[in-house]
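Following: one structure in structure tokens, then a few remarks.
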Amino acid sequence: MRDLLSPKQVAQALGVGESSVKRWCDLGKITAVRTSGGHRRLALADVLRFVRESDQPVVRPEILGLPPARESERSLTRARRLLVDALLAGDESRSRRIVFDLYLAKHSLSTVCDEVVAGAFREIGELWSCQQAEIYQERRACEIMLRILHAFRDTQRGINPALVAIGGTPPGDSYAIPNAIVELVLREAGWQAESLGTSLPFSSLAAAVRSQRPRLLWLSVSHVRDDAEFLAGYRELHDTARELGTAMVVGGQALGRELRHQMSYASFCDTVRQLDDFARAFRGTENAIKDRSETTENRVNDSPRSDEDRASTIPIRAVR
């Protein structure tokens, strides 16, 4: 997607006069910068934010670097089904349009990830396990979604450089999409979040904590190859984070109750929405949040969940 646009381009994209766009800029509704020659330029992120907040229709989305509009479907349930079809067909343009349409319709990014992206990949995983989808279709869908998620970074503003968050997945866990979603949602909540990648040794994660001194460290855990090995490495990482005042946030389908009983953390997030809520609450606190452990007195998110709740968890089945 494009980074900077002229008022004329924005006017054409929104189907309004150029004078209207300049007036919005003068009123502070869209932030504009000036070139060395004195011409206005508008950041794509600010334009999309204005579209989202004002319900202004986009008549020529291709000018903004978005796929051409076809059927606009903003129902979460139907959008999930359409996304499954588009991903299995390898239709990246249609997949991107579905996701961005939902975002522009004022659905939060965490809701889109929970109810549409995660749900779509769960369905794709079930089709693959029933031999109704090929492995290449599932892998291709993952690559498409990673590119779509990365494109969202171009639209994000209001990030506080003092709120540093880093994270990744543990050794043997190559599930990239849940980890990418965590990074994106934290950035949307105002954090300077950076994914360090997948399948990272605990010692390397600890080195990153010592080097960058983040306020928050996340661990997305979709696969654990050995419980004892995982717990040993996790405890060392947690000790390092605690010594430096870094809060640890964990989540993922591999962290069952029995495993969590043996772990300490600031928060366990069962859904992206829970992560979003935690990140927005934590960013305003001056004091570090105390660790929580899975004890009888202090259990996090262990209430029974409905099928709909399970569908919206951070981990995504069969996604790498």
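A few comments on the model shown:
- Consider segment 34-45 and keep the residues that are in contact with a strand residue (DSSP E or B) (Cβ under 8 Å, 6 or more places away or on another chain) and closer than 16 Å to Asp154 by Cβ. The one that is surrounded by the fewest Cβ atoms within 10 Å (Cβ to Cβ) is Arg41.
- Restricting attention to segment 191-210 and to residues that are assigned to a strand (DSSP E or B) and aliphatic (A, V, I, L, M), the residue that is surrounded by the most Cβ atoms within 10 Å (Cβ to Cβ) turns out to be Ala193.
- Of the candidates Gly252, Gly256, Gly233, Gly245, the single residue that is within 19 Å of Ala193 (Cα to Cα), surrounded by fewer than 21 Cβ atoms within 10 Å (Cβ to Cβ) and either out of contact with any His (no Cβ under 6 Å at 6 or more places or on another chain) or outside the structural domain of Gln212 (by TED's automatic domain parsing) (or both) is Gly245.
- Within segment 13-24, considering residues that are surrounded by fewer than 19 Cβ atoms within 10 Å (Cβ to Cβ) and closer than 27 Å to Val99 by Cα, the one nearest to the chain's Cα centre (by Cα): Gly15
- Test for Phe100: is it hydrophobic (A, V, I, L, M, F, W, C) and out of contact with any Asp or Glu (no Cβ under 9 Å at 6 or more places or on another chain): yes
- As a summary of the residue check, Asp307 satisfies the conditions (1) at pLDDT 90 or above; (2) under 23 Å from the mean Cα position of the chain (by Cα) except for the one numbered (1).
- If you check Asp46, Asp26 for being of a type in the set (Asp, Glu) and touching a residue at least 60 places away in the same chain (Cβ under 8 Å), only one passes: Asp46.
- Filtered by the rule that a residue be surrounded by 13 or more Cβ atoms within 10 Å (Cβ to Cβ) and part of a helix (DSSP H, G or I), segment 211-221 gives a lone residue, Gln212.
- Selection status of Ser95, under 21 Å from the mean Cα position of the chain (by Cα), surrounded by 15 or more Cβ atoms within 10 Å (Cβ to Cβ), of a type in the set (Ser, Thr, Tyr) and closer than 21 Å to Ala120 by Cβ: yes
- Residues that are at pLDDT 95 or above and among the aliphatic types (A, V, I, L, M) were ranked within segment 139-162; the one that is nearest to Trp128 (Cα to Cα) is Ala141.
- Screening Val224, Val250 for residues that are in a strand (DSSP E or B) and modelled with pLDDT of 95 or more leaves exactly one candidate, Val250.
- Test: residue in segment 62-69 that is in the same structural domain as Arg139 (by TED's automatic domain parsing), on the phi > 0 side of the Ramachandran plot and in a loop (DSSP other than H, G, I, E, B): no
- For first residues located in segment 159-178 and within 20 Å of Ala207 (Cα to Cα), partners that are exposed (fewer than 15 other Cβ atoms within 10 Å of the Cβ) and at pLDDT below 95 and lie 6+ apart or on another chain with Cβ distances below 6 Å form the pairs Gly172/Arg225.
The values are calculated or read from the model by the stated rules, or taken from the named source; none is laboratory data. The shown structure was predicted, so the numbers you read here are calculated from the model rather than taken from an experiment. Cβ: placed from backbone, ideal geometry, glycine included. Neighbour counts: every protein chain shown.
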